[in-house]
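The values are calculated or read from the model by the stated rules, or taken from the named source; none is laboratory data. Note that this is a predicted model, so its numbers are computed, not measured. Methodologically, a virtual Cβ is constructed for each residue, glycine included, from the backbone with ideal geometry; neighbour enumeration extends over all protein chains shown.
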């Protein structure tokens with residue numbers, strides 16, 4: 001499906017990013033990964049401007065063009081009680097600034113019909129306590145998505161995917177962990193990768209500026225104290 005196409009994935013060494021990379025390869029694409037962890041991919045910290053610029057040159061020197069950019073790298077999660085100024089800035093650098101800058105660097109080499117996919121989170125619309133740095137970054141990339149979709153109109157489609165609870169080890173959960181979700185189970189990385197590849201395909205040619213929440217329905221289920229046996233302990 002993606003033969004002779006080039007995909008670039010940030011944070012692609014493990015978890016959701018790795019699954020996305022594997023699915024692109026399985027469908028014939030050439031894949032370039034950048035991640036902080038050591039490996040055969042390009043190793044670097046995307047919070048650094050010079051690393052993004054070096055990586056962009058590395059990809060273009062070898063591939064000549066980019067068809068798909070997946071901004072997936074995971075921001076730091078720390079809460080307002082403990083997160084330092086520097087840590088909060090770092091979370092935004094990884095989660096918002098890097099996707100913006102890498103998109104700008106690669107856009108001149110992305111032909112008409114290309115796609116940028118930003119990985120947000122269901123936390124872009126809901127929160128747990130003490131998650132401010134991560135939630136701010138994910139909210140930022142969701143908003144960045146529709147802004148870039150308008151700026152790149154007619155050439156590059158830009159969409160975001162917001163995962164819910166995704167177990168990157170493909171563990172099967174039973175009991176409350178599963179049934180609390182309308183889909184009846186916890187998600188796995190392939191649930192996200194499948195949506196990413198769909199959005200990059202010609203079948204999604206009329207979709208841009210959209211955020212698709214892939215969370216088993218958890219953000220749609222209203223919960224009240226005493227409802228379905230659920231109780232809030234105060």
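I want to confirm something. Restricting to region 103-112 and keeping residues that are in a helix (DSSP H, G or I) and more than 14 Å from the chain's Cα centre (by Cα), which single residue is surrounded by the fewest Cβ atoms within 10 Å (Cβ to Cβ)? Filtering first and then ranking leaves 108.
Take residue 142 and decide whether it is in contact with a strand residue (DSSP E or B) (Cβ under 6 Å, 6 or more places away or on another chain), touching a residue at least 40 places away in the same chain (Cβ under 8 Å) and either assigned to a loop (DSSP other than H, G, I, E, B) or surrounded by 15 or more Cβ atoms within 10 Å (Cβ to Cβ) (or both). The answer is yes for residue 142.
Within region 2-25, does at least one residue satisfy the condition of being part of a loop (DSSP other than H, G, I, E, B), more than 15 Å from the chain's Cα centre (by Cα) and more than 27 Å from residue 191 (Cα to Cα)?
First, the residues of region 2-25 that are part of a loop (DSSP other than H, G, I, E, B): 2-5, 11-14.
Checking the rest, the ones that are also more than 15 Å from the chain's Cα centre (by Cα) come to 2-5.
Still in the running and more than 27 Å from residue 191 (Cα to Cα): none.
The answer is no; no qualifying residue exists.
Among the residues making up region 47-73, those that are in a loop (DSSP other than H, G, I, E, B) and buried (at least 20 other Cβ atoms within 10 Å of the Cβ) are 47, 66, 67, 72, 73. When we screen 214, 158 for residues that are surrounded by fewer than 21 Cβ atoms within 10 Å (Cβ to Cβ), within 25 Å of residue 27 (Cβ to Cβ), touching a residue at least 40 places away in the same chain (Cβ under 8 Å) and in contact with a helix residue (DSSP H, G or I) (Cβ under 8 Å, 6 or more places away or on another chain), the only hit is 214.
Only one of 11, 79, 15, 28 is on the phi > 0 side of the Ramachandran plot, surrounded by fewer than 22 Cβ atoms within 10 Å (Cβ to Cβ), touching a helix residue (DSSP H, G or I) at 6+ places or on another chain (Cβ under 7 Å) and touching a residue at least 24 places away in the same chain (Cβ under 8 Å). Can you tell me which? Break it down stepwise before answering.
Numbers: 11 fails: surrounded by fewer than 22 Cβ atoms within 10 Å (Cβ to Cβ); 79 fails: on the phi > 0 side of the Ramachandran plot; 28 fails: touching a helix residue (DSSP H, G or I) at 6+ places or on another chain (Cβ under 7 Å).
Selected residue: 15, the only one of 11, 79, 15, 28 that is on the phi > 0 side of the Ramachandran plot, surrounded by fewer than 22 Cβ atoms within 10 Å (Cβ to Cβ), touching a helix residue (DSSP H, G or I) at 6+ places or on another chain (Cβ under 7 Å) and touching a residue at least 24 places away in the same chain (Cβ under 8 Å).
Here is a yes/no grid of residues against (1) at pLDDT below 95; (2) farther than 30 Å from residue 3 by Cβ:
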residue	(1), (2)
96	no, yes
104	no, no
108	no, no
127	yes, yes
150	no, yes
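Scanning region 145-155 for residues that are surrounded by fewer than 21 Cβ atoms within 10 Å (Cβ to Cβ) and either assigned to a loop (DSSP other than H, G, I, E, B) or touching a residue at least 60 places away in the same chain (Cβ under 8 Å) (or both) gives 146, 149, 152, 153, 154, 155.
Looking across region 178-193 at every residue that is in a helix (DSSP H, G or I) and loosely packed, with under 15 Cβ neighbours inside 10 Å, the one that is modelled with the highest pLDDT is identified as 178.
Sort out which residues of region 194-211 are part of a helix (DSSP H, G or I) and touching a helix residue (DSSP H, G or I) at 6+ places or on another chain (Cβ under 7 Å), and write them in order of number. Once the filter is applied, which keeps residues that are part of a helix (DSSP H, G or I) and touching a helix residue (DSSP H, G or I) at 6+ places or on another chain (Cβ under 7 Å), region 194-211 yields 196, 197, 198, 204.
Scan region 52-68 residue by residue and report those that are touching a residue at least 12 places away in the same chain (Cβ under 8 Å) and out of contact with any helix residue (DSSP H, G or I) (no Cβ under 6 Å at 6 or more places or on another chain). Working first, answer last.
Our first condition is that a residue be touching a residue at least 12 places away in the same chain (Cβ under 8 Å); within region 52-68, this holds for 52-53, 55-56, 58-60, 62-68.
If the condition is that a residue be touching a residue at least 12 places away in the same chain (Cβ under 8 Å) and out of contact with any helix residue (DSSP H, G or I) (no Cβ under 6 Å at 6 or more places or on another chain), then 53, 55, 58, 59, 62, 63, 64, 67 are the ones that fit.
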